[in-house]
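The values are calculated or read from the model by the stated rules, or taken from the named source; none is laboratory data. Bear in mind the structure is a predicted one, so any value in this text is a computation, not a measurement. FYI the Cβ positions are ideal-geometry reconstructions off the backbone, even for glycines, and counts take in every protein chain you see. Surface areas here come from the heavy atoms of the whole protein model, side chains and all, with no ligands, DNA or RNA. Shrake-Rupley method; radii C 1.70, N 1.55, O 1.52, S 1.80 Å.
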Amino acid sequence: MVMFIDDFSRYVWVYFMKEKSETFTKFKEFKEKIEGELNTKILCLRTDNGREYLSNEFTIYLKEHKIRRQLTCPNTPQQNGVAERKNRHLAETCRSMLHAKNVPGRFWAECMRTAAYIINRLPQPKLGFKSPHELLWKLKPVVSHLKVFGCVCYVFVPDHLRNKFEKKAIRCIFVEYDDARKGWRCCDSTTGKCHTSKNVVFDEASAWWSSEKVELPDSKGLEELPEEIIEDKEEAQTPSENKEGSSVKAKSPWKTGVHHMTPEDPQLPQMELEEPIQKLRRTTRKIKPNPRYANAAFVDEPILVEPSSYEEASKGPQWRKAMEEEIKALNDNQTWDLVPRPNEVKPISCKWVYKVKSRSDGSIERYKARLVARGFSQHYGLDYEETFSPVAKITTI
């Protein structure tokens, strides 16, 4: 892998190659691409003393295009600190992305491209909290399409590529963003084929591979399973199976957790006497009440009876005071207007509703009385012709 970094914006381009000798070809490809897109010229190239940068054709090409070369001193990588730090940043980001979804190492190239794609669009403190993409292209990047690398996704299959009974989507894993197309690249791990599509549904919380390796009981690793699993399996055998398998050599106790003994073993009765079956016993400790619920003593007190009529409430001074407060509140709020009663009209009656309000500890907070109109006594078409739906206030919601 070779990467090229813009010293002004810290924008990074990543290219992959099979051999280091392809570095010169990748640089020419990078130079033609950048000078065509940005309409500018590369003035200086800073590299280390790698042989792939010191070849004759590389040197002649830089002289022909008037590109100044800067080399670091031997064994002094700190002189090329921008490239070294960027290389470390990409490697650590790629490692974290691979292990976050347990993605195999064969997808390291796609992960490295995705890491460079994301880093170029993240704001950086050294750049004034601007992203390299914004500094280079003078345009803020769009990040709404960013997804979790390695997550499970479902790629839509067009109608002309399937019949009526085939699945409409293929279960894949998201591997990278496509530079040439406005879509995502997803890989089908079963076939190894990559699909580039815009019609993709992502399940970013799930992963294709699991971090735990589970072996089935009928596999070759049965002897390495925990002792509890083997013990339960052997206890589940029927007596007939035990008789048939009595000639089989028993496994050692440290592997199975069960020590098999033949009926002729003289120590068998002694073991049964030494290990009697223990019965369940109950605790003999004295249970202390929780001080948090000390106020529960109020439950034993007699429950106050709320009056059901005005005659009952008028006998108590606390209820008379509550009714006076209710009448005063209705007058202050101008709840009604006194008008002459029309002929042949029966007024709607009223009713007092009483309620005792209690605190969380059970003590009485106040006595509440409400005067309500008995609207259910009206008849549609005689007393009213329009209905209105109740409207809730924002404060009550």
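Return the residues of segment 113-136 that are in contact with a strand residue (DSSP E or B) (Cβ under 6 Å, 6 or more places away or on another chain) and hydrophobic (A, V, I, L, M, F, W, C); say none if nothing qualifies.
Answer for segment 113-136, where residues must be in contact with a strand residue (DSSP E or B) (Cβ under 6 Å, 6 or more places away or on another chain) and hydrophobic (A, V, I, L, M, F, W, C): just Ala116.
For Asp361, which of the numbered conditions (1) out of contact with any Gly (no Cβ under 7 Å at 6 or more places or on another chain); (2) more than 30 Å from Pro291 (Cα to Cα) fails to hold?
(2)
With the condition kept exactly as written, say whether any residue in segment 43-66 is touching a His at 6+ places or on another chain (Cβ under 8 Å) and in contact (Cβ under 8 Å) with a residue 12 or more places away in the chain.
no
For segment 1-119, which helices (runs of 4 or more DSSP H) that fit wholly inside it have 2 or more residues that are closer than 16 Å to Phe149 by Cβ?
81-100, 108-119
Among the residues of segment 135-161, write down those that are closer than 21 Å to Phe8 by Cβ and free of Cβ contacts under 8 Å to residues at least 40 places away in the same chain. Step through it out loud before you land on a result.
We begin by selecting, within segment 135-161, every residue closer than 21 Å to Phe8 by Cβ; these are 135-141.
Listed by number, the residues that qualify are Trp137, Lys138, Leu139, Lys140, Pro141.
Looking at (1) surrounded by 14 or more Cβ atoms within 10 Å (Cβ to Cβ); (2) within 24 Å of Ile173 (Cβ to Cβ), find the lone condition where Glu92 falls short.
Going through (1) surrounded by 14 or more Cβ atoms within 10 Å (Cβ to Cβ); (2) within 24 Å of Ile173 (Cβ to Cβ) one by one, Glu92 breaks only (1).
Are there any pairs, at least 6 apart or on different chains, whose C-beta atoms fall under 6 Å, with the first in segment 96-107 and among the aliphatic types (A, V, I, L, M) and the second assigned to a loop (DSSP other than H, G, I, E, B) and open to solvent by less than 70 Å² (accessible area, probe 1.4 Å), and if so, which?
What qualifies is Met97/Phe149; Val103/Gly150.
Just need a number here: residues in segment 34-53 that are closer than 15 Å to Tyr15 by Cα and either surrounded by fewer than 12 Cβ atoms within 10 Å (Cβ to Cβ) or of a type in the set (Val, Ile, Thr) (or both).
The number of residues fulfilling the criteria is 1.
Restrict the check to segment 11-22 and report whether at least one residue is without any contact (Cβ under 8 Å) to a residue 12 or more places away in the chain, at negative phi and open to solvent by less than 40 Å² (accessible area, probe 1.4 Å).
no
Which one is modelled with the highest pLDDT among residues in segment 352-362 that are in a loop (DSSP other than H, G, I, E, B) and open to solvent by 80 Å² or more (accessible area, probe 1.4 Å)? Steps first, please.
If we filter segment 352-362 for residues that are in a loop (DSSP other than H, G, I, E, B), which is where we start, we get 359-362.
Subsequent filtering for residues that are open to solvent by 80 Å² or more (accessible area, probe 1.4 Å) retains 359-360.
Values: Arg359: 84, Ser360: 81.
Applying the filter and picking the extreme gives Arg359.
Looking only at residues that are part of a loop (DSSP other than H, G, I, E, B) and touching a residue at least 12 places away in the same chain (Cβ under 8 Å) in segment 317-351, which one is nearest to His379 (Cα to Cα)?
Among residues in segment 317-351 that are part of a loop (DSSP other than H, G, I, E, B) and touching a residue at least 12 places away in the same chain (Cβ under 8 Å), the one nearest to His379 (Cα to Cα) is Ile348.
Of all residues in segment 141-179 being of a type in the set (A, V, I, L, M) and more than 15 Å from Cys194 (Cα to Cα), which is surrounded by the most Cβ atoms within 10 Å (Cβ to Cβ)?
Per the stated criteria, the residue is Val148.
Provide a single number: the residues in segment 184-208 that are over 19 Å from the mean Cα position of the chain (by Cα) and exposed (fewer than 14 other Cβ atoms within 10 Å of the Cβ).
Adding up the residues that qualify gives 6.
Table: residues versus (1) among the charged types (D, E, K, R); (2) touching a Phe, Trp or Tyr at 6+ places or on another chain (Cβ under 8 Å).
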residue	(1), (2)
Asp48	yes, no
Tyr53	no, no
Tyr61	no, yes
Glu84	yes, no
Pro132	no, yes
Leu136	no, yes
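List pairs: first residue in segment 169-180 and within 17 Å of Val201 (Cβ to Cβ) and in contact (Cβ under 8 Å) with a residue 24 or more places away in the chain, second residue acidic (Asp, Glu) and buried (at least 21 other Cβ atoms within 10 Å of the Cβ) anywhere in the structure, Cβ distance under 9 angstrom, at least six positions apart or on different chains.
Qualifying pairs under 9 Å: Val175/Glu110.
Within segment 167-179, is even one residue at pLDDT below 90 and part of a loop (DSSP other than H, G, I, E, B)?
Scanning segment 167-179 turns up at least one residue that is at pLDDT below 90 and part of a loop (DSSP other than H, G, I, E, B).
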